[in-house]
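K.L.:
Take a look at this one; I'll ask things after.
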Amino acid sequence: MPNNTAQLTIDNITYQLPIVESTAGERAIDIRGLLRETGFITLDSGFMNTGSCLSQITFLDGEKGILKYRGYDIAVLAEKCSFVEVAYLLLTGELPNQSELEQFQHDMTRYSLIHEDMIHFFDHFPPKAAPMSILSSMIGTLHDFYPEMDLDQDPYGGITTTTARLLSKARTIAAFSYKKNMGHPLVYPRGDIGYCANFLHMMFDRPNLPYELNPVLVSALNKLLILHADHEQNCSTSTVRLVGSAGVRLYPSISAGVSALWGPLHGGANAAVMKMLERILADGKDYEKYISMAKDPNSGYRLTGFGHRVYKTYDPRATIIKKTCHEVLNTSKISDPLLEVALKLEELVSNDEYFIERNLYPNVDFYSGIIYRAMGIPTNMFTVMFALGRLPGWIAHWQEMNQDKDSSRIGRPRQVYNGIVERPFKEIVDRY
Ligand code: CMC
C-alpha cells in the first residue's frame, strides 16, 4: 500500500504533504497548503513540473507516447470519427449518438454565418495582415456581436449556443480571411456538406472555377483537426484557463489562446518547419549544416518540428500525420520535394547522438505542413489550421475550469524576487 503523504523537512521540521493519485496511477504532491504551513513557495519556471489543475479531458503519457481524449485512444478517434464527433466528445465527455450528432451537425450549419457587419472588419486590416491576428481579433469581437448569456441554451450538456457558434464561426472567419487576403469574393458556407468539406469549399471555391471536393483531402483535414483537438495543459490551453479564471467570458479567453498558439515554439512551429525545409532545399540539401547549427548551443538555432516538453518518445500524433502525408501525396499524385527533405532530415536526426540523448523526435508540426501545402493552404494559414483544430479543447478546458471551484480560483503565480531590495532616492533638484 503506497504512502499517501510525502514528507518535507525544512530546518529540522518535517511537514506532511498529501499525495494525489490520478485515475491512471500517476502521483502528485499536493503543495496547496505549503505556503500557509511553512512560509515557503515553490519555484518552477516554465511550469516544468507543476500541475495547475485536475482535469478529466485528456490523458497524456509522454514516456510511452500515449494520448487519449476522454479515455479514447487518439489513433482510434482519428481513424473512425469525424472532427465534429470528437469536438462533441471533448465538450460533453461522451461520443454523440446518431440523433445527437445530427443535431450538432445541424447547429454547425445553422451558426456558420458571421454577422455581415463583421465582414467590414476584413476591409480595414492591412492587405497582408497575419491570419492569426485576424482570427484572434475577430474571435474577441464575437463577444460583442453574439453576447454570451448566462442562461445560454445547453441542449447537450456541455455545448451551449455560444460554444457551437464559436466552433462554426471561427471556421468561416478563417476562410474569409484567406479570401480577403487573395482579393477574391467571399464564398459562403453550404448547408449540405460537413465541417471539413465546408472549410475547403469556402477556401477554394470560386465563381469562375468551382472547387471539386477531394475525399482524400477532406479525410486528411478531418484527421489533422482531430489530432490537434486537445493536448492538456500546453501554453495556449493554460492561457485560456488563466485568462478565464479572472472571470473573462469564452470568446475573449479563446482569443487570448489563439495569440499564445501563434508563437513559433508552439503552434507557429508548423509554418516555421516549412520555412526550414525550404531553406535546406534551397541550400542544396546541406543537412549537416543545419544539424550542426542546431547542435551548437551558441547558435540559438533549433530544428523546428523536433522535440517536445512532455514526449520523450515519438509523438503519437506525428506517426499518424506522417502516414497521412504519404497517403495524400500518393493518391493526389503530388510529388513534393519537401517531403523528401523532411524524411531525410528525420533519418539523419534519428541516428544522431545529440538528438538521441535528448529524446528529440518529430512532433505534431513536422509533417502537417506538407499536407496543408498539398491542399493548397498557404503557409501563413498553417497555425490558423492548428487553432481551428484546438478550439474544442480550449473550450472544454474553459468550461471545466469554470465548473471546478478549486481550479476556477483566479490564476496568480508567485515569484522569487531577485531585484534590488532598497535604494536611497536622490532627488534631482532642478527637475522642473
Ligand atoms: N533542436 C535542437 N535542440 C533542441 C531542440 C530542437 N528542436 N529542442 C530541444 N533541444 C535541446 C535544447 O537545446 C536542450 O539542450 P541542452 O540540454 O543541451 O541545453 C534540450 O534539447 C532540452 O530542450 P528544452 O528547450 O529545455 O526543452 P523544452 O521542453 O523547454 O522545449 C520545445 C520544448 C518544443 C519548445 C523544444 O523542443 C523546441 O524548441 N522545439 C522546436 C520548436 C517546435 O517544434 N515546437 C512545437 C512543439 S509541438 C506543438 C506544440 O506544442 O504546439
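The values are calculated or read from the model by the stated rules, or taken from the named source; none is laboratory data. Nothing here was measured: the structure is a model prediction, and the numbers come from that model. Note that each Cβ is placed from the backbone with ideal geometry, even for glycine, and that neighbours are counted across all protein chains shown. Quick note on the areas: whole protein, heavy atoms, side chains included, nothing else; ligands and nucleic acids left out. Shrake-Rupley method; radii C 1.70, N 1.55, O 1.52, S 1.80 Å.
K.L.:
Tell me yes or no: at least one residue of segment 383-399 is out of contact with any Pro (no Cβ under 7 Å at 6 or more places or on another chain), in a loop (DSSP other than H, G, I, E, B) and either surrounded by 10 or more Cβ atoms within 10 Å (Cβ to Cβ) or not charged (D, E, K, R) (or both).
P.N.:
No: segment 383-399 contains no residue that is out of contact with any Pro (no Cβ under 7 Å at 6 or more places or on another chain), in a loop (DSSP other than H, G, I, E, B) and either surrounded by 10 or more Cβ atoms within 10 Å (Cβ to Cβ) or not charged (D, E, K, R) (or both).
K.L.:
Looking at (1) modelled with pLDDT of 95 or more; (2) over 30 Å from Gln415 (Cβ atoms), can you tell me which one Phe40 breaks?
P.N.:
For Phe40, the exception is condition (2).
K.L.:
Restricting to segment 150-196, name every residue that is of a type in the set (Val, Ile, Thr), closer than 19 Å to Ile139 by Cα and either buried (at least 19 other Cβ atoms within 10 Å of the Cβ) or modelled with pLDDT of 95 or more (or both).
P.N.:
If the condition is that a residue be of a type in the set (Val, Ile, Thr), closer than 19 Å to Ile139 by Cα and either buried (at least 19 other Cβ atoms within 10 Å of the Cβ) or modelled with pLDDT of 95 or more (or both), then Ile159, Thr160, Thr162, Thr163, Thr172, Ile173 are the ones that fit.
K.L.:
A further question follows. Based on this model, can you work out whether Thr304 counts as on the phi < 0 side of the Ramachandran plot, open to solvent by less than 10 Å² (accessible area, probe 1.4 Å) and either part of a helix (DSSP H, G or I) or within 11 Å of the ligand (Cβ to nearest atom) (or both)?
P.N.:
Against the criterion (on the phi < 0 side of the Ramachandran plot, open to solvent by less than 10 Å² (accessible area, probe 1.4 Å) and either part of a helix (DSSP H, G or I) or within 11 Å of the ligand (Cβ to nearest atom) (or both)), Thr304 does not qualify.
K.L.:
If you go through segment 292-300 one residue at a time, do you hit one that is under 30 Å from Gly411 (Cβ atoms) and within 13 Å of the ligand (Cβ to nearest atom)?
P.N.:
no
K.L.:
Here's a check for you: in segment 213-230, which residue that is more than 16 Å from Gly257 (Cβ to Cβ) and assigned to a loop (DSSP other than H, G, I, E, B) is nearest to the ligand (Cβ to nearest atom)?
P.N.:
In this case the residue turns out to be Asn214.
K.L.:
Here's another thing I want to ask about it. Output the number of residues of segment 198-215 satisfying the condition of being acidic (Asp, Glu) and touching a residue at least 12 places away in the same chain (Cβ under 8 Å).
P.N.:
Taking segment 198-215 as the starting set, the residues that turn out to be acidic (Asp, Glu) are 205, 212.
In the following step, the residues that additionally are touching a residue at least 12 places away in the same chain (Cβ under 8 Å) were identified as 205.
Number of matching residues: 1.
K.L.:
Is at least one residue of segment 275-286 more than 20 Å from Phe366 (Cβ to Cβ) and more than 14 Å from the ligand (Cβ to nearest atom)?
P.N.:
yes
K.L.:
Among residues belonging to segment 317-333 that are touching a helix residue (DSSP H, G or I) at 6+ places or on another chain (Cβ under 7 Å) and either among the β-branched types (Val, Ile, Thr) or within 12 Å of the ligand (Cβ to nearest atom) (or both), point out the one that is most open to solvent (accessible area, probe 1.4 Å).
P.N.:
Restricting to residues being touching a helix residue (DSSP H, G or I) at 6+ places or on another chain (Cβ under 7 Å) and either among the β-branched types (Val, Ile, Thr) or within 12 Å of the ligand (Cβ to nearest atom) (or both), the top hit is Thr331.
K.L.:
A follow-up question, please. Does segment 11-18 include one or more residues that are under 30 Å from Ala318 (Cα atoms) and loosely packed, with under 13 Cβ neighbours inside 10 Å? Give the derivation first.
P.N.:
Just the residues of segment 11-18 that are under 30 Å from Ala318 (Cα atoms), to begin with: none.
Looking for residues that are under 30 Å from Ala318 (Cα atoms) and loosely packed, with under 13 Cβ neighbours inside 10 Å, one finds none in segment 11-18, hence no.
K.L.:
Any idea which of (1) surrounded by fewer than 21 Cβ atoms within 10 Å (Cβ to Cβ); (2) away from the ligand (no atom under 16 Å from the Cβ) is the one Gln233 doesn't satisfy?
P.N.:
(2)
K.L.:
Between Ala256, Ala272, which is within 13 Å of the ligand (Cβ to nearest atom) and in a helix (DSSP H, G or I)?
P.N.:
Sole residue among the options that is within 13 Å of the ligand (Cβ to nearest atom) and in a helix (DSSP H, G or I): Ala272.
K.L.:
Now for a different question. Starting from segment 122-136, take each residue that is touching a residue at least 12 places away in the same chain (Cβ under 8 Å) and list its partners that are assigned to a loop (DSSP other than H, G, I, E, B), counting only C-beta distances under 6 angstrom and pairs at least six apart or across chains.
P.N.:
Going by the 6 Å Cβ cut-off, the qualifying pairs are Met132/Trp262; Ile134/Phe125.
K.L.:
Suppose we keep only residues that are within 22 Å of the chain's Cα centre (by Cα) and surrounded by 21 or more Cβ atoms within 10 Å (Cβ to Cβ) within segment 83-107. Which one would you say is nearest to Trp398 (Cα to Cα)?
P.N.:
Leu91
K.L.:
Taking the conditions exactly as written (closer than 29 Å to Asp296 by Cβ, within 16 Å of the ligand (Cβ to nearest atom) and among the charged types (D, E, K, R)), does Glu346 satisfy them or not?
P.N.:
Answer is yes for this residue.
K.L.:
Also: With respect to the numbered conditions (1) among the hydrophobic types (A, V, I, L, M, F, W, C); (2) assigned to a helix (DSSP H, G or I); (3) modelled with pLDDT under 95, which one is the sole condition not fulfilled by Ile356?
P.N.:
Here Ile356 clears every test but (3).
K.L.:
Any residue at all in segment 362-372 that is within 13 Å of the ligand (Cβ to nearest atom), part of a loop (DSSP other than H, G, I, E, B) and in contact (Cβ under 8 Å) with a residue 24 or more places away in the chain?
P.N.:
Within segment 362-372, one or more residues are within 13 Å of the ligand (Cβ to nearest atom), part of a loop (DSSP other than H, G, I, E, B) and in contact (Cβ under 8 Å) with a residue 24 or more places away in the chain.
K.L.:
Out of the residues in segment 54-82 that are over 21 Å from Leu388 (Cβ atoms) and of a type in the set (Val, Ile, Thr), which is surrounded by the most Cβ atoms within 10 Å (Cβ to Cβ)?
P.N.:
Top of the filtered list is Ile66.
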